[in-house]
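*Asks:* Could you have a look at this structure, given as structure tokens, before my questions?
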């Protein structure tokens, strides 16, 4: 195994080389596909260090039974000095136990690769557009946006680490009726700043105090010019000013979470450039849009429904349950029509599109997937498309629900939460559940210094390692790879777990599930804390054994590499690896 190659990749190559030899001997047909062959840790560690399903998945092509093929493979693998034993299990799985030196070499690989340990080339430069947050530009970020923001950002980092070229994108919904409502709300605050008594905020406008500073700014900029002007005169101006100001506010809020986008795509600009019209023309040319009568919504009585001819996208051709209108009866674009054009624009410069949406958008997934499938078919290149639905987070304070309402102006802002509990707590906590699972965020629980608080538990593991290294340095003891052969089974068990990080990265990137990294870090932290606690009962099992500087150097080296893996994982999640707590 070369110093730059991780252990799982090395043994995957060894299994492949053994299969190549078996093929050369005529026991396997030439060029037998091996894509489904896996080499990974068995679910039960007592079965060995690695397991492969090679004989199970290739026996049919070999025209033999799996155990017979496994016997041939075991013979090849046992001849490798890095393999301590190879055993056939069950119907044909092969369990491998590795020579201890292989795990010591893996420690060296972690040290040499450092921040690149776990980095993968599996993405092979494929371009991926990850669109996330995309909150309406009508106010500051609230906690309803937080989970999707963190999931999207962590996913983008994970995909980059796995070799993809990633664009982080935010779709600014600045063409809908909500921005007109925003402009009217700002105009009201503008008049208030000029001294007018505006009374209670009318129903339907945004009442939040966050618009007061913007009203004051525009009063200073425009004076009385638009105080009594017709709406048609001031609405476009106030709309543009309001959207710009709200986007600056949103960007500042996201920056508190360590989130920065590469692109901000404007819906208004999309429409101004005629993109929806171009999309419609292209779709008509490919017989994917036709003029037809819109079906009555389910549950509507026929006498309540007036059939209107509209341009309809043939989404049923791609698995949707009905064809969808891309324009309204007044000629304006439906949200779907604009969204279709937006995805067409994104697909021009990406091999894959990933959207992070709130779970309340589940009903639109099928039609957008249908649209992207149509684009893929028409452009003659496969455009992979995935939508990750993220459940809302229920905010609690001491077990009691925290109410929030954006329209009433009493919502809980993202900025307030980050300032109260910290960026790292918010980010890590949002990744401790699968995004589609329900989540509670209790202000009291997320800052507990206990094993039940994952972010504390993982950061504490890293801080403990740093503290141990500082203590060793104070006593003139430094990490050393010179006597790693002194490490025993309990030490190597920690190495074996840490060595799973590269394959966890690839599996998480392939599944588009960044929460797998958080789960792995918690398991690694738990194993480290258990390892640490061995020294409480037996001084010989501590990191620093004063009477044995060679063993101490080896254990400090081990600790330093476990810390490196924790740092690499936390970096993918956008969480700081603290050095003291």
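*Asks:* Please list, ordered by residue number, the strands (runs of 3 or more DSSP E) wholly in region 249-366 having 3 or more residues that are over 26 Å from residue 128 (Cβ atoms).
*Replies:* In region 249-366, the matching strands (runs of 3 or more DSSP E) lie at 289-293, 309-313.
*Asks:* With the structure loaded, tell me whether residue 59 is outside the structural domain of residue 483 (by TED's automatic domain parsing), in a helix (DSSP H, G or I) and touching a strand residue (DSSP E or B) at 6+ places or on another chain (Cβ under 8 Å) or whether it fails that test.
*Replies:* So residue 59 does not fit the description; no.
*Asks:* Give the number of residues within region 142-172 that are surrounded by fewer than 21 Cβ atoms within 10 Å (Cβ to Cβ), at pLDDT 95 or above and within 28 Å of residue 402 (Cβ to Cβ).
*Replies:* Qualifying residue count, region 142-172: 0.
*Asks:* When residues of region 182-204 are filtered for being at pLDDT 95 or above, closer than 29 Å to residue 148 by Cβ and surrounded by fewer than 18 Cβ atoms within 10 Å (Cβ to Cβ), how many remain?
*Replies:* The qualifying residues number 0.
*Asks:* Run down 452, 485, 491 and say which single residue is loosely packed, with under 14 Cβ neighbours inside 10 Å and touching a residue at least 24 places away in the same chain (Cβ under 8 Å).
*Replies:* Answer to the selection: 485.
*Asks:* Of all residues being outside any strand (DSSP E or B) and under 22 Å from the mean Cα position of the chain (by Cα) in region 441-468, which is nearest to residue 146 (Cα to Cα)? Just the residue, please. Before the answer, list the steps.
*Replies:* First, pick out the residues of region 441-468 that are outside any strand (DSSP E or B): 443-468.
After this cut, where a residue has to be under 22 Å from the mean Cα position of the chain (by Cα) as well, the list is 446, 453-459.
Values: 446: 15, 453: 19, 454: 18, 455: 17, 456: 20, 457: 22, 458: 21, 459: 21 Å.
Once the filter is applied, the top-ranked residue is 446.
*Asks:* If I go through region 69-124 residue by residue, how many of them are assigned to a loop (DSSP other than H, G, I, E, B), touching a strand residue (DSSP E or B) at 6+ places or on another chain (Cβ under 7 Å) and free of Cβ contacts under 8 Å to residues at least 60 places away in the same chain?
*Replies:* First, pick out the residues of region 69-124 that are assigned to a loop (DSSP other than H, G, I, E, B): 79-82, 90-92, 99, 117-124.
This time we only want the ones that are touching a strand residue (DSSP E or B) at 6+ places or on another chain (Cβ under 7 Å), so: 82, 99.
In the following step, the residues that additionally are free of Cβ contacts under 8 Å to residues at least 60 places away in the same chain were identified as 99.
Adding up the residues that qualify gives 1.
*Asks:* Separate question: Is there a residue being out of contact with any helix residue (DSSP H, G or I) (no Cβ under 9 Å at 6 or more places or on another chain), more than 19 Å from residue 139 (Cα to Cα) and touching a residue at least 12 places away in the same chain (Cβ under 8 Å) anywhere in region 224-245?
*Replies:* Yes: one or more hits.
Matching residues to (1) surrounded by 15 or more Cβ atoms within 10 Å (Cβ to Cβ); (2) within 29 Å of residue 10 (Cβ to Cβ); (3) touching a residue at least 24 places away in the same chain (Cβ under 8 Å):
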| position | (1), (2), (3) |
| --- | --- |
| 471 | no, no, yes |
| 480 | yes, yes, yes |
| 502 | yes, yes, yes |
| 513 | yes, yes, yes |
| 517 | yes, yes, yes |
| 530 | no, yes, no |
| 533 | no, no, no |
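*Asks:* Quick check on my filter: what residues within region 219-230 are assigned to a helix (DSSP H, G or I) and either modelled with pLDDT under 95 or over 20 Å from residue 197 (Cβ atoms) (or both)?
*Replies:* 221
*Asks:* Within region 535-547, take every residue that is out of contact with any helix residue (DSSP H, G or I) (no Cβ under 9 Å at 6 or more places or on another chain) and assigned to a helix (DSSP H, G or I) and give me the one that is surrounded by the most Cβ atoms within 10 Å (Cβ to Cβ).
*Replies:* Only one residue fits best here, namely 539.
*Asks:* Next up: As an exercise: evaluate residue 158 against (1) more than 18 Å from the chain's Cα centre (by Cα); (2) within 18 Å of residue 355 (Cα to Cα); (3) in a helix (DSSP H, G or I) and give the number of the one condition it does not meet.
*Replies:* For residue 158, the exception is condition (1).
The values are calculated or read from the model by the stated rules, or taken from the named source; none is laboratory data. None of the values given here were measured: they were computed from a predicted structure. Methodologically, a virtual Cβ is constructed for each residue, glycine included, from the backbone with ideal geometry; neighbour enumeration extends over all protein chains shown.
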